[in-house]
Amino acid sequence: MLKKQKSLKKKEAITGYLFMAPFILGFLVFQFIPIVMSLVLSFINFNSLKAVKNLKFVGFSNYKKVFSDDIAIQSFIRSFRFAIVFVIIMVVASLLMALLINKQFYFRKTLRTMIYLPYVSNVIAISMAWRIILDPAKGPVNTFLKLLGVNNLPMWLDSTDMALPTIAVINIWTIMAFQTIIFLAALQGVPKLLYEAAEIDGASKIRKFISITLPMISPTTFLVVIVSIISSFKNYAIVLGLTNGGPGTASRVIALNIYEEAFMYNKYSYASTQALLLFGIILIITIIQWKGQKKWVHY
């Protein structure tokens, strides 16, 4: 009997590992190994495929170079500015949208579909569409503003001041469905008895939202904040499609800078160094968030 139980447990364990195998293999090939290789590359001078035989250990010189490179530093700063706008608007907008969808109304299913469509659409196709929509001369947005009598029409993606915030808002619209669905699931998990008890006590809708909804969904809010911070730095495709880092270098974020250093200028070691620094910064921010969750997250 014991042998049969052990055999059954062994089969279950093997089955479990087989189900996990595709993910583990994908993680090793596409994430773990590239991270290790990037770490190795950051300490050598691998800047050309032809110079593999002449590789040398250069220590921390690539890291020192980043901190003396004004273009790289400015790219990091722009990425942080992008992240601040992105995360704040993303959390607020996705929560409001989830609150709206959570209510019963006629166009509820249609609205859900409309929110999810951009998430499954091609980023470059979306970028091309928004380039046309926000065209300062012939775009429908500025044409409508002209009809309203607006004289100083915004340049949107062609303005050094507005390009980065505009890209952030478009990126939020593109991927907001994921955060909205997470918030929606959390809202539907809040016990209705709490709202009924609050209504008996005469609590207003705002009071119920502040005292019941926000504390009950705080673990989900924490998750959304973490996911949004990580997503805010993964903005290469949308920036490339909308402005390609322009006008000038106004929207040149670190993801785009890493790509150009590696695949346009063949500076693989230098690009890997910047990527690892970005990884380290995101890791530190995540750890700080994780430590700080005890003060506002209620389980």
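Taken together, the values in this text are just the output of simple stated rules run on the coordinates, not laboratory data. The model shown is predicted, which means the values in this text are computed figures rather than measured ones. Positions of Cβ are generated from backbone atoms using ideal geometry, with glycine treated the same way; all protein chains shown enter the neighbour counts.
Brief remarks follow.
- Each Cα pair under 8 Å and six or more residues apart adds its separation to the average, and for the chain the resulting relative contact order is 28 percent.
- Working note: Cα atoms of segment 68-295, range along each principal axis, descending, whole Å: 66, 50, 30.
- Gaussian network model of the chain, springs between alpha carbon atoms under 10 Å - residue of Glu196, Glu260, Glu12 with greatest fluctuation: Glu12
- For segment 260-274, backbone phi angles converted through the Karplus equation (6.51, -1.76, 1.60; θ = phi - 60°) give residue-by-residue couplings of 5, 4, 7, 9, 9, 10, 6, 8, 5, 5, 5, 5, 5, 4, 5 Hz, Gly and Pro being listed as x.
- Working note: Debye formula, equal point scatterers on the alpha-carbon atoms of segment 222-285, no solvent; log10 I(q)/I(0) at q = 0.23 Å⁻¹ is -1.01.
- GNM result for the chain, Cα springs below 10 Å: residue of Ala21, Ala271, Ala98 fluctuating most strongly: Ala21
- Cα centroid separation - segment 94-110 against segment 189-230, whole Å: 16 Å
- Along segment 195-211 the Karplus relation, 6.51 cos²θ - 1.76 cosθ + 1.60 evaluated at θ = phi - 60°, assigns HN-Hα couplings of 5, 5, 5, 5, 5, 5, 7, x, 6, 7, 5, 5, 5, 5, 5, 6, 8 Hz to successive residues, with x for each Gly and Pro.
- From the C-alpha gyration tensor of segment 62-151, square roots of 5λ in Å: 34, 23, 14
- Estimated 222 nm signal from helices in the chain, with DSSP H stretches of n ≥ 4 weighted -39500 (n - 2.57), rounded to 500: -21500 deg cm²/dmol
- Using a simple spin-label model with pseudo-atoms 7 Å out from Cα toward Cβ, Glu196 and Ile77 lie 5.7 nm apart.
- Amide H contacts under 5 Å for Ile44, placed H, 5+ residues apart: Val58
- Phi angles of segment 182-187 translate, via the Karplus equation with coefficients 6.51, -1.76, 1.60 and θ = phi - 60°, into HN-Hα couplings of 5, 5, 4, 4, 5, 4 Hz per residue; Gly and Pro are given as x.
- Scaled to the globular estimate 2.2 N^0.38 Å, the Cα spread of segment 1-106, given as radius of gyration, is 1.93.
- The amide H of Gly246, built 1.01 Å from its N in the peptide plane, has Ser251 as neighbours under 5 Å, considering only residues 5 or more places off or on other chains.
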